[in-house]
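Report on the following structure.
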Amino acid sequence: MSKDPVCGPKGLESAKPTAHSSSNNGDLSSFGPGVVLPAGDLKPLYDFALDCRTCQAKLAAAQADLADEKTKTVLLTHERDEAVRIAKGGSVLRRITRAAKWFAIGAVAGALAAKARP
């Protein structure tokens, strides 16, 4: 078992107070404003609270980094797809237009060559 603190409800199970007095018959809800906790019990609770806040800060930073990486991945994927499209010669409509233009130029050149020949 690790010695790292466990944040959330699981971590709080070990920090639950115990009833030392027989006057409340084990009912923990009867603790009032006059509760006295030994100093030895306060340090682990304080350390746990600090560690839990540290874990939450690290989690928030990691989630922000993940969101940034997802954004970068989407942008890089779009850029890659655009580069592949350009390497192929542009969009399908652009390639069809270019092919039709060269077909027309070839047909005109063939017609001119046929007329020039006696």
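The values are calculated or read from the model by the stated rules, or taken from the named source; none is laboratory data. As the structure is a prediction and not an experimental result, all values here were calculated from the model. Accessible surface is based on the protein model in full, side chains and every heavy atom, while ligands, DNA and RNA are left aside. Shrake-Rupley method; radii C 1.70, N 1.55, O 1.52, S 1.80 Å.
For the reader, a short list of remarks on this structure follows.
- Selection within the range 82-104 - in a helix (DSSP H, G or I) and open to solvent by 80 Å² or more (accessible area, probe 1.4 Å): Arg85, Ile86, Ala87, Val92, Leu93, Arg94, Arg95, Ile96, Arg98, Lys101, Trp102, Phe103
- Options Ala57, Ala19; residue that is open to solvent by less than 100 Å² (accessible area, probe 1.4 Å) and either among the β-branched types (Val, Ile, Thr) or modelled with pLDDT of 90 or more (or both): Ala57
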